[in-house]
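The values are calculated or read from the model by the stated rules, or taken from the named source; none is laboratory data. These numbers come from a predicted model, not from an experiment. Because the Cβ atoms are built from the backbone with ideal geometry, glycine has one as well, and the counts that use them run over all protein chains shown. When the accessible area is computed, the model is the full protein with side chains, heavy atoms only, and any ligands, DNA or RNA have been set aside. Shrake-Rupley method; radii C 1.70, N 1.55, O 1.52, S 1.80 Å.
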Amino acid sequence: MSGSDGLVRPRVVVGVSGSLGSLTALGRGAEEARRRGAELWPVLAWQPPGGELAARRGPGASLLTDEWQRLARERLVGVLMDVFGDSGPGVWMYALVAQGSPGLALVEIADREDDVLVVGAGRRSLWHRACCRSVTRYCVAHASCPVLAVPPSPLESKLAAVHRRNAWRLRLDVRDLARAAVPPDRA
């Protein structure tokens, strides 16, 4: 099925969306694939704006679906280039674009017991947990294989803090940045 020599190799399936958390998960998934001697399967799942039913109602729905599929493929290629560059992940890779709900698509693709499903853990704020469906929670609850939930990068929380400061038009104290950049033993 996969691989050129006819062997069925273990797979590391990684959910990719283009977010910082998914980039961290993709890097960790590549490390896991190298460590296990497995194939890397980055998966970008997408849904039409407004859902599947809304996409079928309009005239020319198939043209729109083809365009959305093309855009999803371009996004996946861009993410792979951002993370791995021209050198690649160092393991056999099969990138996949799937139409459907991200959690369901990932669980359906990572359907073998020797698979490992890698997803970003996402934001941890109470507001975000209450208002947004979690792909990670869905995967942990429904997957038939082990799920590795990769916590957000510390850089992601610092970047979010800068965005909040910009949104509220708060001044940024450059001295704090300088102290964080210089190790204490060199200051």
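Would you tell me the accessible area of Val14, worked out with a 1.4 angstrom probe on the heavy atoms of the protein chains, in Å² to the nearest 10?
Rounded to the nearest 10, that gives 0 Å².
Through the Karplus equation 6.51 cos²θ - 1.76 cosθ + 1.60, θ set to phi - 60°, convert the phi angles of the range 134-141 into ³J(HN,Hα) values in whole Hz; use x for Gly and Pro.
9, 5, 4, 4, 4, 5, 4, 6
Sticking with the crude label model, points 7 Å out along Cα→Cβ, report the distance from Asp114 to Asp66 in nm, one decimal please.
3.9 nm
Ser19 to Leu155: extension gain in nm, 0.36 nm per residue of separation minus the Cα-Cα distance?
47.7 nm
Counting only residues 5 or more places away or on other chains, whose amide H sits under 5 Å from the amide H of Val118 once H atoms are built in the peptide plane?
Close amide H contacts, sequence-distant or interchain: Val13, Val14, Gly15, Leu148.
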